[in-house]
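Chemist: I have a structure I would like to understand better, so I am pasting it below and will then ask my questions one at a time.
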Amino acid sequence: MTAGALAPRLWRIGASAARRAEAGRIRSWALALATALLTLAVGGLVMAEASFDGRTQRTLERSPRLAAAYPDEPVRALWRWDAAEAGGLAYDVIHLEPLTERQAPPPGLPRWPAPGEVFASRALLDASGEDAVVAQYGRLAGVIDPAGLEAPGEFLVYVRPTAAMLDRSLMQGISGFGETTGTGVLGEHLHHFGKGEFLAAYAGFVLLPVALLVAIAVRTGAAARDRRTVLLAALGGGWSARACCTAGEAARPVALGAVAGAVATLPVLVVDLPFPSTSFVLAAGDVRAAAPLLAGVLVAIPAAVLLVTVLAQPARRRARATRPTAVRTRAATWSLWLFPVALLFTVRVVGLAHPDSVVILYATGYLLVLVALPGVIGACVGLLGPRFAALGRRRGDAGLLLAGRRMAAAPRTVTRLVAALVVAIGIAVQIQVWTASLTAAGQGAVDSRERLGTSVLRAAPYAGPARVRAFHRALPAGVHALAVRVQVHGEGRGRVELVGGCPALRELRIGCDTRPRPVSFAAADPRLREYLGGVGAAAGMEVVVRSGDVAQLPEAAGAGRELVLFGAGGRRLPAATLNGIAHRHLAMSASVDYVLNGGGLGKLATAAGWLRLLSTVGIAVVCLSAGIGALTDFLRFGRELAPLSVLTSGGRLYGAVAGWSLLLPTALASLAGAGLAWWLAAPVRSVAPSDPLGLVSLTSGALVCALALTVWGAATARRAASGWRPVGD
């Protein structure tokens with residue numbers, strides 16, 4: 001028979017074996033699921049890259065061409081950028097003043113706003129409410145078109161100041177819109193973490209667990225398949241014949257998984273996709289721009305999975321005699337030397353690398369540790385097996401003897417179970433310490449808001465006397481204002497001067513006196529103490545208060561001035577209303593904000609949301625991998641121990657073997673994995689200490705999983721033994 005005629009037959013033999021082989025159905029579903037998830041994971045990577053590219057392009061198109069950068073181009077408009085906050089998320093406020101109506105407006109606007117008008121993004125209007133946006137910035141002229149937004153969920157505002165509030169000295173001249181290089185001077189990417197950080201987290205929390213699932217799916221039911229491969233080799237079949245049979249076995253489930261992945265990807269090409277626990281919306285237009293590359297992924301991923309299944313078959317071994325001998329495989333040693341190098345690199349990278357590259361290098365080192373870890377665990381299991389067997393022989397313990405022999409002969413069976421559990425622990429520890437570090441970074445602002453909310457607000461800038469008086473007169477009833485001048489002479493030294501009317505001072509339980517009088521920080525009203533702490537007075541700076549006109553606070557060299565607002569009786573202040581009053585009377589770029597500016601809280605909250613989302617996906621995939629591996633290995637475990645049913649009665653032997661070969665390695669690996677993950681998290685914990693009690697709960701959960709796996713394995717072996725009959729295999 002020619003090779004060309006033999007190949008289809010071998011393909012059909014492989015396809016038939018997929019249905020009838022040991023754990024064949026489990027492997028088929030595992031391969032289909034692994035292929036679908038790998039398609040989605042790699043496709044997600046392509047979508048992320050396309051999203052970053054699309055957002056960068058749209059940001060460049062709306063970025064101003066500043067006269068300072070393009071002096072040869074005529075100035076056609078004035079432009080100014082400011083930052084604001086809504087729901088803890090920072091966003092951009094762009095002030096515009098066209099100098100000629102012939103100049104095209106920014107992308108996304110149908111026309112230039114009239115004086116006192118505002119264009120806002122739909123996401124901001126939905127989040128804050130149209131009334132709040134109007135109260136802060138002016139009449140709503142329309143909604144910014146998605147073509148002018150970096151992402152569909154971006155918060156953005158274009159405002160044209162009124163003639164009374166227009167301050168040309170604060171604005172920059174521009175010749176138009178549209179940059180060609182860089183990443184743009186505005187956009188939500190400035191308020192979120194960068195591309196490198198996202199890709200590093202995606203690789204660690206999504207790609208690595210999916211790769212682990214693929215590896216487990218490929219080796220599911222490997223014992224029977226390896227016997228068939230060796231048989232083909234003994235019959236004279238070359239590598240191509242064995243590859244054809246192996247590919248035929250995996251082709252149908254891989255194709256099914258590829259189709260499922262493609263179907264799951266289709267909706268993203270049509271509609272914008274919001275992501276849970278984050279404020280991000282993936283634009284369908286960006287995904288469509290990457291459609292050719294996505295099509296390539298849909299073809300390349302199933303081909304790659306098939307190639308992995310072929311390469312994972314055992315190599316043909318030449319025998320020197322025809323006598324049957326025990327098969328000894330050469331264990332890969334690359335993980336044994338990679339593991340300590342990656343471990344040391346990951347722990348020391350923060351102290352050695354440049355701050356801009358620390359996150360990416362740390363993630364790379366952590367990935368290398370997790371990749372090398374299964375090989376190290378397998379080596380440890382292989383070393384424990386003979387020692388368990390020797391100990392069982394000396395003690396006359398059949399369960400320990402059988403477990404040791406089984407671990408020595410097939411350490412990879414235990415390794416697959418243990419590796420999945422340890423990787424899950426590593427991911428869980430990382431999300432715990434990273435979330436703790438992000439929370440700690442903005443904890444001061446969070447605590448301040450929880451204590452006082454909007455009962456104390458800061459208003460800036462401190463404008464001329466006429467505008468400050470107009471702002472003061474426009475304040476609603478029950479809102480008091482103090483003018484503040486902060487002058488710092490050095491570290492821990494300086495002076496804070498507060499000036500206000502008698503009603504405001506009495507609200508803070510301060511006597512009304514035109515002469516400056518010192519204020520005790522410890523005895524001050526909690527609202528005033530909170531504010532003073534925000535400007536650094538808690539460090540021992542001199543604080544004095546006097547009654548007077550809030551509009552008559554003179555300048556001082558090296559001193560900053562602003563206004564602080566208090567509610568009568570400690571009531572909460574309407575921040576949006578006060579912001580609008582400040583824009584109409586104080587300055588076109590005025591802001592009314594919390595005592596501790598929380599603009600960075602949105603960035604931290606977004607990063608924490610992405611970490612929670614990605615880690616949840618990763619842990620779910622790892623648990624799925626562990627479940628598939630456990631199911632197939634327990635079927636094999638039961639068949640291996642089934643012949644012992646003629647030698648023993650009851651289930652004690654099965655429980656003993658399961659305990660020694662499953663529970664003990666898994667429990668030891670869980671404890672070691674928790675300690676290793678905690679130690680690897682040392683660079684992150686050095687920035688923000690984490691609660692070690694979380695590690696106790698993770699370890700306890702891992703031990704419970706180990707116990708459940710052991711009970712499951714023993715029960716499977718007992719059921720297999722009850723129905724076992726000797727056959728000629």
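The values are calculated or read from the model by the stated rules, or taken from the named source; none is laboratory data. Model, not experiment: these values are computed from the prediction. So basically every Cβ, Gly included, is an ideal-geometry build from the backbone, and we count neighbours across all protein chains shown. All accessible areas refer to the heavy atoms of the entire protein, side chains included, with ligands and DNA or RNA removed. Shrake-Rupley method; radii C 1.70, N 1.55, O 1.52, S 1.80 Å.
Conditions tested, residue by residue: (1) under 22 Å from Leu586 (Cα atoms); (2) in contact with a strand residue (DSSP E or B) (Cβ under 9 Å, 6 or more places away or on another chain); (3) without any contact (Cβ under 8 Å) to a residue 60 or more places away in the chain.
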{"position": "Leu475", "(1), (2), (3)": "yes, yes, no"}
{"position": "Gly494", "(1), (2), (3)": "no, yes, yes"}
{"position": "Glu497", "(1), (2), (3)": "yes, yes, yes"}
{"position": "Gly501", "(1), (2), (3)": "yes, yes, yes"}
{"position": "Ala523", "(1), (2), (3)": "no, no, yes"}
{"position": "Ala559", "(1), (2), (3)": "yes, yes, no"}
{"position": "Phe566", "(1), (2), (3)": "yes, yes, no"}
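Chemist: When both residues are 6+ apart or on different chains and their Cβ atoms are under 8 Å apart, which pairs have a first residue that lies in segment 590-603 and is more than 18 Å from Phe155 (Cα to Cα) and basic (Lys, Arg), and a second that is at pLDDT below 85 and part of a loop (DSSP other than H, G, I, E, B)?
Modeler: Pairs found: none.
Chemist: Next question, about the same structure. Evaluate the following for Phe275: is it over 30 Å from Leu256 (Cβ atoms), open to solvent by less than 80 Å² (accessible area, probe 1.4 Å), at pLDDT 80 or above and hydrophobic (A, V, I, L, M, F, W, C)?
Modeler: On the way: over 30 Å from Leu256 (Cβ atoms): no; open to solvent by less than 80 Å² (accessible area, probe 1.4 Å): yes; at pLDDT 80 or above: yes; hydrophobic (A, V, I, L, M, F, W, C): yes.
No, not satisfied.
Chemist: Only one of these is in contact with a helix residue (DSSP H, G or I) (Cβ under 8 Å, 6 or more places away or on another chain) and modelled with pLDDT under 75: Ala667, Ala656, Ala721, Ala674. Name it. Explain how you work it out, then say what you get.
Modeler: Details: Ala667 fails: modelled with pLDDT under 75; Ala656 fails: modelled with pLDDT under 75; Ala674 fails: modelled with pLDDT under 75.
After applying the criteria, what remains is Ala721.
Chemist: Restricting the search to segment 154-204, which residues are polar (S, T, N, Q), within 14 Å of Arg80 (Cα to Cα) and out of contact with any Lys or Arg (no Cβ under 6 Å at 6 or more places or on another chain)?
Modeler: In the first step, residues of segment 154-204 are kept if they are polar (S, T, N, Q); the result is 162, 169, 172, 175, 180-181, 183.
Still in the list and also within 14 Å of Arg80 (Cα to Cα): 169, 172, 175.
Within segment 154-204, Ser169, Gln172 meet the criteria.
Chemist: Within segment 105-127, how many residues turn out to be open to solvent by 60 Å² or more (accessible area, probe 1.4 Å) and either closer than 20 Å to Val185 by Cα or not aliphatic (A, V, I, L, M) (or both)?
Modeler: Filtering segment 105-127 for residues open to solvent by 60 Å² or more (accessible area, probe 1.4 Å) gives 110-111, 115, 122, 126-127.
Pick out the ones that are also either closer than 20 Å to Val185 by Cα or not aliphatic (A, V, I, L, M) (or both) and you get 110-111, 115, 122, 126.
Number of matching residues: 5.
Yes or no, residue by residue, for (1) over 23 Å from Gly675 (Cβ atoms); (2) modelled with pLDDT of 75 or more; (3) assigned to a helix (DSSP H, G or I); (4) open to solvent by 50 Å² or more (accessible area, probe 1.4 Å):
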residue: Val347; (1), (2), (3), (4): no, yes, yes, no
residue: Thr364; (1), (2), (3), (4): no, yes, yes, yes
residue: Leu370; (1), (2), (3), (4): no, yes, yes, no
residue: Leu373; (1), (2), (3), (4): no, yes, yes, no
residue: Ala379; (1), (2), (3), (4): no, yes, yes, no
residue: Thr415; (1), (2), (3), (4): no, no, yes, no
residue: Gln432; (1), (2), (3), (4): no, no, yes, no
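Chemist: Separate question: Identify all residues within segment 142-172 that are surrounded by 19 or more Cβ atoms within 10 Å (Cβ to Cβ) and part of a strand (DSSP E or B); write none if there are none.
Modeler: Passing the criteria: Leu156, Val157, Tyr158, Val159.
Chemist: Condition first: under 14 Å from Val259 (Cβ atoms), of a type in the set (A, V, I, L, M) and touching a helix residue (DSSP H, G or I) at 6+ places or on another chain (Cβ under 6 Å). Now tell me which residues in segment 295-313 satisfy that.
Modeler: Val297, Leu298, Ile301, Val305
Chemist: Please state which of the following conditions Gln136 fails to meet, knowing it meets all the rest: (1) assigned to a helix (DSSP H, G or I); (2) closer than 14 Å to Arg160 by Cα; (3) out of contact with any His (no Cβ under 7 Å at 6 or more places or on another chain).
Modeler: (3)
Chemist: If a residue must be of a type in the set (D, E, K, R) and in contact with a Pro (Cβ under 9 Å, 6 or more places away or on another chain), how many such residues does segment 41-66 contain? Reasoning before the result, please.
Modeler: Kept after step one, since they are of a type in the set (D, E, K, R), are these residues of segment 41-66: 49, 53, 55, 58, 61-62, 65.
Retained after the next criterion (residues that are in contact with a Pro (Cβ under 9 Å, 6 or more places away or on another chain)): 58, 61-62.
Residues flagged as of a type in the set (D, E, K, R) and in contact with a Pro (Cβ under 9 Å, 6 or more places away or on another chain) within segment 41-66 amount to 3.
Chemist: Continuing with this model, one more query. Kindly indicate whether any position in segment 156-171 is within 24 Å of the chain's Cα centre (by Cα), closer than 23 Å to Tyr137 by Cα and small (Gly, Ala, Ser).
Modeler: Checked against the condition, which is being within 24 Å of the chain's Cα centre (by Cα), closer than 23 Å to Tyr137 by Cα and small (Gly, Ala, Ser), segment 156-171 yields no hits at all.
Chemist: Could you figure out which of (1) over 29 Å from Gly285 (Cα atoms); (2) open to solvent by 20 Å² or more (accessible area, probe 1.4 Å); (3) in a helix (DSSP H, G or I); (4) of a type in the set (A, V, I, L, M) isn't true of Ala69?
Modeler: Among (1) over 29 Å from Gly285 (Cα atoms); (2) open to solvent by 20 Å² or more (accessible area, probe 1.4 Å); (3) in a helix (DSSP H, G or I); (4) of a type in the set (A, V, I, L, M), Ala69 violates only (3).
Chemist: Right, another one. Which of the following residues is buried (at least 22 other Cβ atoms within 10 Å of the Cβ) and touching a helix residue (DSSP H, G or I) at 6+ places or on another chain (Cβ under 9 Å): Ala30, Ala77?
Modeler: Details: Ala77 fails: touching a helix residue (DSSP H, G or I) at 6+ places or on another chain (Cβ under 9 Å).
After ruling out the rest, the residue left standing is Ala30.
Chemist: For segment 278-290, give me each residue that is without any contact (Cβ under 8 Å) to a residue 40 or more places away in the chain and open to solvent by 40 Å² or more (accessible area, probe 1.4 Å). Even if it seems obvious, please write down each step before you answer.
Modeler: Looking only at segment 278-290, we keep the residues that are without any contact (Cβ under 8 Å) to a residue 40 or more places away in the chain, and these are 284, 288.
Answer for segment 278-290, where residues must be without any contact (Cβ under 8 Å) to a residue 40 or more places away in the chain and open to solvent by 40 Å² or more (accessible area, probe 1.4 Å): just Arg288.
Chemist: List every residue pair whose Cβ atoms lie under 6 Å apart, where the two residues are 6 or more positions apart in sequence or sit on different chains, the first residue falls within segment 532-543 and is at pLDDT 80 or above, and the second residue, located anywhere, is open to solvent by less than 30 Å² (accessible area, probe 1.4 Å) and in a helix (DSSP H, G or I).
Modeler: Val543/Ala537
Chemist: Going through segment 42-97 one residue at a time, which ones are touching an Asp or Glu at 6+ places or on another chain (Cβ under 9 Å) and under 26 Å from Gly618 (Cβ atoms)?
Modeler: Correct list: Met47, Ala50, Ser51, Phe52, Asp53, Gly54, Arg55, Leu89.
Chemist: So in segment 173-207, with the set limited to residues that are open to solvent by 40 Å² or more (accessible area, probe 1.4 Å) and of a type in the set (Asp, Glu), which one is farthest from Leu140 (Cα to Cα)?
Modeler: That would be Glu197.
Chemist: I'm checking my understanding of the structure. Among residues of segment 194-231 that are part of a loop (DSSP other than H, G, I, E, B) and at pLDDT 70 or above, which one is nearest to the chain's Cα centre (by Cα)?
Modeler: Only one residue tops the list, namely Gly194.
Chemist: Do we have Gly182 as not in a loop (DSSP other than H, G, I, E, B) and not basic (Lys, Arg) here? Walk me through it before giving the result.
Modeler: Working: not in a loop (DSSP other than H, G, I, E, B): no; not basic (Lys, Arg): yes.
When the stated conditions are applied, Gly182 does not pass them.
Chemist: Of all residues in segment 384-413, how many are modelled with pLDDT of 80 or more, open to solvent by less than 50 Å² (accessible area, probe 1.4 Å) and farther than 19 Å from Tyr654 by Cβ?
Modeler: 1
Chemist: Is it true that Tyr91 is of a type in the set (Ser, Thr, Tyr), modelled with pLDDT under 90 and in contact with a Ser or Thr (Cβ under 8 Å, 6 or more places away or on another chain)? So that I can check it myself, show each step before the final result.
Modeler: Details: of a type in the set (Ser, Thr, Tyr): yes; modelled with pLDDT under 90: yes; in contact with a Ser or Thr (Cβ under 8 Å, 6 or more places away or on another chain): no.
No, not satisfied.
Chemist: Among Thr35, Thr56, which is among the β-branched types (Val, Ile, Thr) and over 25 Å from Gly285 (Cα atoms)? Break it down into steps so the answer makes sense when it comes.
Modeler: Working: Thr56 fails: over 25 Å from Gly285 (Cα atoms).
Answer to the check: Thr35.
Chemist: When both residues are 6+ apart or on different chains and their Cβ atoms are under 6 Å apart, which pairs have a first residue that lies in segment 122-136 and is among the hydrophobic types (A, V, I, L, M, F, W, C), and a second that is surrounded by fewer than 16 Cβ atoms within 10 Å (Cβ to Cβ) and outside any helix (DSSP H, G or I)?
Modeler: Ala127/Gly87
Chemist: Could we say that His472 is modelled with pLDDT of 90 or more and either part of a helix (DSSP H, G or I) or open to solvent by less than 10 Å² (accessible area, probe 1.4 Å) (or both) here?
Modeler: Values: modelled with pLDDT of 90 or more: yes; either part of a helix (DSSP H, G or I) or open to solvent by less than 10 Å² (accessible area, probe 1.4 Å) (or both): yes.
In short, yes.
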